[in-house]
Amino acid sequence: MTLAAIILAGGRARRLGGASKPDLEVDGRTLLDLTLEAAAAASTIVVVGPVDVPPGVMVTREDPPGGGPVAGIAAGLDVVGERSGDVLVLACDMPRIGRAVPELVEAAASAPDGAWLVDGEGREQPLAAVYRIASLRGALADLHPDGASMRQLISDLVMADVPDDGAASRDVDTWDDLDHHRKEQP
């Protein structure tokens, strides 16, 4: 099965005073670089946000800019094009997500619509997931992406749960979160 990747890198980072999350560093590498490494198995990688990307990675913006993750996914799928297979969807603010991607890909292979991480508190992590491209396109067909919530997008999808025992989906929303990741062993 073909795997594409959409990396969402366009949030406002309000709790970080508007700092550019993709440019924050953990272990001497930017959050964007760590996320690109996590998505390296994908044949096509699309980053959604106002960022510079390395050669071979495509970049786009959601419409309107700042329209939220559903708008970002829609924009990423437009670039992915009319292909079948799966798409890895990752927010760029999870520096340890790479350790969970192989398990997500494996679990998605036997689930109707894909697989997502479920954190230690039982919350699904829809921005740490592998989806069937057709399933996401079908879910998007019923929504106006600008301002739609992720809960609206995923409400009818049948996903496999992958326990996030290693806290790979722990994100960077605050300066304290960033300090935690900088102190944690990779």
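For the stretch 168-186, which residues satisfy the criterion of being assigned to a loop (DSSP other than H, G, I, E, B) and at pLDDT below 70?
We begin by selecting, within the stretch 168-186, every residue assigned to a loop (DSSP other than H, G, I, E, B); these are 168-174, 184-186.
Within the stretch 168-186, Gln185, Pro186 qualify.
Please specify each residue of the stretch 155-173 satisfying the condition of being more than 20 Å from Glu106 (Cβ to Cβ) and either among the acidic types (Asp, Glu) or surrounded by 13 or more Cβ atoms within 10 Å (Cβ to Cβ) (or both). Reasoning before the result, please.
Start the filter on the stretch 155-173 by keeping residues that are more than 20 Å from Glu106 (Cβ to Cβ), which leaves 155-156, 170-173.
The answer is Asp156, Arg170, Asp171, Val172, Asp173.
Give the number of residues within the stretch 83-130 that are of a type in the set (A, V, I, L, M, F, W, C), farther than 15 Å from Thr35 by Cβ and outside any helix (DSSP H, G or I).
Summing the residues that are of a type in the set (A, V, I, L, M, F, W, C), farther than 15 Å from Thr35 by Cβ and outside any helix (DSSP H, G or I) in the stretch 83-130 gives 5.
Is it the case, given these coordinates, that Ala115 is closer than 23 Å to Ala168 by Cβ, in contact (Cβ under 8 Å) with a residue 12 or more places away in the chain and of a type outside the set (Val, Ile, Thr)?
Working: closer than 23 Å to Ala168 by Cβ: yes; in contact (Cβ under 8 Å) with a residue 12 or more places away in the chain: yes; of a type outside the set (Val, Ile, Thr): yes.
For Ala115, the condition - closer than 23 Å to Ala168 by Cβ, in contact (Cβ under 8 Å) with a residue 12 or more places away in the chain and of a type outside the set (Val, Ile, Thr) - is met.
If we keep just the residues of the stretch 131-145 that are of a type outside the set (Lys, Arg) and in a helix (DSSP H, G or I), which is farthest from Ala168 (Cα to Cα)?
Here the answer is Ala141.
For the stretch 118-146, which residues satisfy the criterion of being of a type in the set (Gly, Ala, Ser), surrounded by fewer than 19 Cβ atoms within 10 Å (Cβ to Cβ) and either on the phi < 0 side of the Ramachandran plot or in contact (Cβ under 8 Å) with a residue 24 or more places away in the chain (or both)?
Applying the first criterion (of a type in the set (Gly, Ala, Ser)) to the stretch 118-146 yields 120, 122, 128-129, 134-135, 138-139, 141.
Next cut, surrounded by fewer than 19 Cβ atoms within 10 Å (Cβ to Cβ) only: 120, 122, 134, 138, 141.
Answer for the stretch 118-146, where residues must be of a type in the set (Gly, Ala, Ser), surrounded by fewer than 19 Cβ atoms within 10 Å (Cβ to Cβ) and either on the phi < 0 side of the Ramachandran plot or in contact (Cβ under 8 Å) with a residue 24 or more places away in the chain (or both): Gly120, Ala134, Gly138, Ala141.
Yes or no: the stretch 146-164 includes at least one residue that is under 17 Å from Arg99 (Cα atoms) and either of a type in the set (D, E, K, R) or not in a strand (DSSP E or B) (or both).
Within the stretch 146-164, the subset under 17 Å from Arg99 (Cα atoms) is 161-164.
Then keep just the ones that are either of a type in the set (D, E, K, R) or not in a strand (DSSP E or B) (or both); that gives 161, 164.
Scanning the stretch 146-164 turns up at least one residue that is under 17 Å from Arg99 (Cα atoms) and either of a type in the set (D, E, K, R) or not in a strand (DSSP E or B) (or both).
Within the stretch 73-82, does at least one residue satisfy the condition of being assigned to a loop (DSSP other than H, G, I, E, B), within 19 Å of Pro22 (Cα to Cα) and at pLDDT below 90? Steps first, please.
From the stretch 73-82, those assigned to a loop (DSSP other than H, G, I, E, B) are 81-82; that's our starting set.
Those left that are additionally within 19 Å of Pro22 (Cα to Cα): none.
Checked against the condition, which is being assigned to a loop (DSSP other than H, G, I, E, B), within 19 Å of Pro22 (Cα to Cα) and at pLDDT below 90, the stretch 73-82 yields no hits at all.
The values are calculated or read from the model by the stated rules, or taken from the named source; none is laboratory data. As the structure is a prediction and not an experimental result, all values here were calculated from the model. Every residue, glycine as well, gets a Cβ built from its backbone with ideal geometry; the counts of neighbours run over all protein chains shown.
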